[in-house]
Amino acid sequence: SKFKNGLAKTRNSFTSKINDLVARYRTVDEDFFEELEEVLISADVGVSAVMEIIEELEMEVKRQNIKDTKQVKEVISEKLVELYYGNDNQQNIEELKQNPEGLTVYLIVGVNGVGKTTTIGKLAHQLQSEGKKVTLAAGDTFRAGAIEQLDEWGKRANVHVVKHTEGSDPAAVIYDGIQSAKSRKSDVLICDTAGRLQNKVNLMNELSKVKRVIEREIPGAPHEVLLVLDATTGQNAMSQAKTFSESTDVSGIVLTKLDGTAKGGIVLAIRNELEIPVKLVGLGEKVTDLETFDANAFVYGLFA
Ligand code: GDP
């Protein structure tokens with residue numbers, strides 16, 4: 001139900017448009033598909049993804065000889081779930097990977113303002129609630145106030161934060177974070193990083209330096225490189241995702257502020273376009289507003 005509440009904006013807009021469409025058209029025809037196409041595009045599902053869906057819908061409608069627009073709703077939701085999973089028939093919810101042999105390390109990347117710090121705080125809280133011991137490393141030494149902000153979240157979630165001063169070497173902070181997490185016998189270390197996109201070469205260098213430190217200290221780590229994206233920025237988020245995935249191996253996406261947009265369709269297009277799963281979604285500003293992404297529950301929530 002939290003999933004449903006968090007998606008109220010997308011649901012209200014999307015569902016009412018679909019229902020309106022279904023009510024106005026008694027039979028499925030060209031015009032129906034054209035309007036449906038507009039509804040999907042306005043929900044930020046992505047133009048190429050929408051084209052694909054419409055084409056498949058048309059085929060499915062022909063194959064099943066569907067005439068009634070109400071019946072089409074069912075097929076639309078099926079296609080939306082398929083859009084997310086692509087050729088993956090398993091349709092598994094993707095939980096965060098863990099290190100079975102010791103310290104699990106998550107590296108969090110993303111540009112300023114997307115909700116990176118908030119997400120780290122929420123994730124720390126979630127892991128703590130599961131009984132895990134968490135340490136945070138304040139690796140964003142670039143943005144003014146980033147260290148203090150992470151420290152605040154650390155206090156709120158009651159987790160230890162390893163920090164240096166502003167402007168110091170992020171790789172050194174992460175190194176200390178690892179040593180501290182080990183000596184404190186933490187289960188999980190969450191590493192913040194600076195999100196400068198202006199200079200792709202710098203970004204790449206900084207991320208790979210941090211990654212090298214982690215890989216050297218803990219074989220098999222980082223267990224996740226999570227890219228935080230703001231759902232309200234639509235295609236901008238998509239282009240950030242492209243830049244970051246070209247700079248480092250992103251293993252999962254955290255899509256924040258899904259509660260603040262009517263264009264939640266982007267969550268479905270991301271995996272399809274980038275082949276990176278959405279692992280977590282942010283559904284509000286509170287510490288508990290972080291959920292594992294479930295495409296079925298998401299799509300079902302839209303039509304419920
Ligand atoms: P950072 O610069 O990437 O670290 O971004 P912050 O964590 O400081 O977040 C920027 C703003 O977005 C803050 O006002 C957060 O409260 C807000 N925010 C973060 N995640 C969410 C979310 O899932 N939903 C909503 N509504 N706001 C969020």
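Remark: the residue 73-residue 242 segment gains 57.6 nm on full extension, using 0.36 nm per residue and subtracting the alpha carbon distance.
Overall size of the chain from C-alpha positions, given as principal axis extents largest first: 66, 37, 35 Å.
Using just its DSSP H runs of length 4 or more, each adding -39500 (n - 2.57), the chain gives a mean residue ellipticity at 222 nm of -16500 deg cm²/dmol after division by all residues. Around the amide H of residue 162, modelled in the peptide plane, lie the amide H atoms of 136, 137, 138, all under 5 Å away and 5 or more residues distant in sequence or on another chain. Charging the Cβ of each Asp and Glu at -1 and of each Lys and Arg at +1, and nothing else, the dipole of segment 34-152 about its Cα centre rounds to 500 debye. Spin-label model, residue 20 to residue 52: label points 7 Å out along the Cα-to-beta-carbon direction sit 2.8 nm apart.
Residue pairs exceeding 23 angstrom between C-alpha atoms, taken from 116/242; 116/155; 17/263; 133/163; 116/185; 9/132: 116/185; 9/132.
Just to verify a number: FRET efficiency for residue 196 and residue 91, C-beta to C-beta distance, R0 = 30 Å, to 0.05? That pair, residue 196 with residue 91, gives E of 0.25. Put a plus charge on the Cβ of each Lys and Arg, a minus charge on the Cβ of each Asp and Glu, and nothing anywhere else: the dipole of the chain about its Cα centre is then about 1100 debye.
Applying 1/(1 + (r/R0)^6) with r as the Cβ-Cβ distance of residue 297 and residue 155 and R0 = 45 angstrom yields a FRET efficiency of 0.90.
In this label model, residue 216 and residue 273 are separated by 3.7 nm, measuring between points 7 Å along each Cα→Cβ vector. Per-residue Karplus couplings for segment 199-208, computed as 6.51 cos²θ - 1.76 cosθ + 1.60 with θ equal to phi - 60°, are listed in order as 10, 5, 5, 4, 4, 4, 5, 5, 5, 6 Hz, Gly and Pro entered as x. Ranked by the mean number of other Cβ atoms within 10 Å per residue, highest first, peptides 33-45, 142-154 order as 33-45, 142-154. For segment 161-304, the spread of Cα positions along the three principal axes, ordered from largest to smallest, is 48, 34, 28 Å. Beta bridges assigned by DSSP with both partners in the chain are antiparallel in approximately 15 percent of cases. Of all DSSP bridge pairs formed entirely within segment 86-192, close to 0 percent run antiparallel.
For segment 155-304, the antiparallel share of DSSP beta bridges with both residues in that region comes to about 25%.
Each value in this text was obtained by applying a stated rule to the coordinates, not by laboratory testing. Just so we're clear, the structure is a prediction, and the values are computed from it rather than from any experiment. Ideal geometry is used to build each Cβ from the backbone, glycine not excepted, and the neighbour counts take in all protein chains shown.
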